[in-house]
Amino acid sequence: MTRRRRIYEGKAKVLFEGPEPGTLVQYFKDDATAFHNQKHGIITGKGVLNNRISEYLMTKLGEIGVPTHFVRRLNMREQLVREVEIIPIELVVRNVAAGSLSKRFGIPEGTQLPRSIMEYYYKSDELNDPIVSEEHITAFGWATPQDLDDMMALSLRINDYLSGLFLGIGLKLVDFKVEFGRLWENDEMRIVLADEISPDNCRLWDVKTNQKLDKDRFREDLGRVEEAYQEVARRLGILPEGGVDTFNTPKPAP
Ligand code: UDP
């Protein structure tokens, strides 16, 4: 295989140059970080599961008209995506109080919020992703008011659609983080959903027991982390019977 150029290495993924101009290969690692990189660990098989879960959710969102960077999954750990100009904003949508919102306002975890709340964080590892307002975003030129309108409208649709999808498999979508990029096509610019959607950036609780089935199991040392990611894939109906190792293994001829 030819050596590919590494474009960027993040905490959970690596981006390589894609096979055609305007494409990238997104490689999913098993590495997990929390608390602004202070905690680091490996969740065995996470990359394989997140690659598959994100493929599934991005495809479903594409089917309801949410534009995404996703093109196709290439193998166990890699997917082909369109190259976009990432907007340096993390948009968090919350339905139920948890994590930093609970801490900031002293609202007990699990409290249903009066309505969905959106927050913006500036993507900067050195600054620990500070929370920011529209004022900061537009004044500092990170995104235009039009970009923000598009991002908000898409995030609301994503929240409505995913909340329903997860509820159907007995999971509560407590909150999630999304990132968007600018995709240029012949002088026309579109805002598209980028990055990934997986238990790394969603909080998912079992509807009946409130059991956490997401990265909080790693953050809070709750144990059975690998099993939680597998359970999400299993409920989505995308976990092969033989487990993670049998992804992409051709089925024997009938
Ligand atoms: N989140 C994320 N990346 C981050 C920060 C948060 O994907 O750098 C996700 C997180 O998994 C959760 C939601 O965004 O689903 C809200 O996270 P919160 O602000 O409560 O921060 P945390 O408690 O994760 O520090």
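The values are calculated or read from the model by the stated rules, or taken from the named source; none is laboratory data. No experiment lies behind these values; they were computed from the predicted model shown. Positions of Cβ are generated from backbone atoms using ideal geometry, with glycine treated the same way; all protein chains shown enter the neighbour counts.
Observations, loosely collected:
- Single residue of the stretch 212-240 satisfying the filter (touching a Pro at 6+ places or on another chain (Cβ under 7 Å) and not basic (Lys, Arg)) that is nearest to the ligand (Cβ to nearest atom): Asp214
- Scanning the stretch 46-62 finds no residues that are in a loop (DSSP other than H, G, I, E, B) and under 29 Å from Ser163 (Cα atoms).
Quick grid of which residues meet (1) touching a helix residue (DSSP H, G or I) at 6+ places or on another chain (Cβ under 8 Å); (2) surrounded by 22 or more Cβ atoms within 10 Å (Cβ to Cβ); (3) under 29 Å from Ala153 (Cα atoms):
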| position | (1), (2), (3) |
| --- | --- |
| Pro19 | no, no, no |
| Val25 | no, no, yes |
| Lys29 | yes, no, no |
| Ala34 | yes, no, yes |
| Thr44 | yes, no, no |
| Leu49 | yes, yes, yes |
| Arg52 | yes, yes, yes |
| Glu55 | no, no, yes |
| Thr68 | yes, yes, yes |
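- With respect to the conditions (1) without any contact (Cβ under 8 Å) to a residue 24 or more places away in the chain; (2) part of a loop (DSSP other than H, G, I, E, B); (3) within 14 Å of the ligand (Cβ to nearest atom); (4) not β-branched (Val, Ile, Thr), Asp200 falls short on a single one, namely (1).
- Some residue of the stretch 2-11 being hydroxyl-bearing (Ser, Thr, Tyr), without any contact (Cβ under 8 Å) to a residue 60 or more places away in the chain and over 25 Å from Ser155 (Cα atoms): yes
- Matching residues in the stretch 75-128 - criterion: being away from the ligand (no atom under 11 Å from the Cβ), in a loop (DSSP other than H, G, I, E, B) and over 30 Å from Gly62 (Cβ atoms): Gly106, Ile107, Pro108, Gly110, Thr111, Glu126, Leu127
- If you filter the stretch 101-117 down to residues that are surrounded by 15 or more Cβ atoms within 10 Å (Cβ to Cβ) and among the polar types (S, T, N, Q), you find that the one that is farthest from Asn128 (Cα to Cα) is Ser116.
- Restricting Val71, Val66 to residues that are away from the ligand (no atom under 14 Å from the Cβ), assigned to a loop (DSSP other than H, G, I, E, B) and closer than 26 Å to Asp187 by Cα narrows the list to Val66.
- Of the residues screened, Lys177 is one that is within 16 Å of the ligand (Cβ to nearest atom), surrounded by fewer than 21 Cβ atoms within 10 Å (Cβ to Cβ), of a type outside the set (S, T, N, Q) and within 20 Å of Glu55 (Cα to Cα).
- Members of the stretch 102-140 that are touching a residue at least 40 places away in the same chain (Cβ under 8 Å), of a type in the set (S, T, N, Q) and under 14 Å from Val92 (Cα atoms): Ser116
Residue-by-condition table, conditions (1) closer than 22 Å to Glu185 by Cα; (2) not charged (D, E, K, R):
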site: Arg77; (1), (2): no, no
site: Arg82; (1), (2): yes, no
site: Glu90; (1), (2): no, no
site: Val93; (1), (2): no, yes
site: Gly110; (1), (2): no, yes
site: Asp149; (1), (2): yes, no
site: Leu156; (1), (2): no, yes
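- In the stretch 10-44, of all residues being of a type in the set (Asp, Glu) and either more than 25 Å from Gln230 (Cα to Cα) or in a loop (DSSP other than H, G, I, E, B) (or both), the one that is modelled with the lowest pLDDT corresponds to Glu20.
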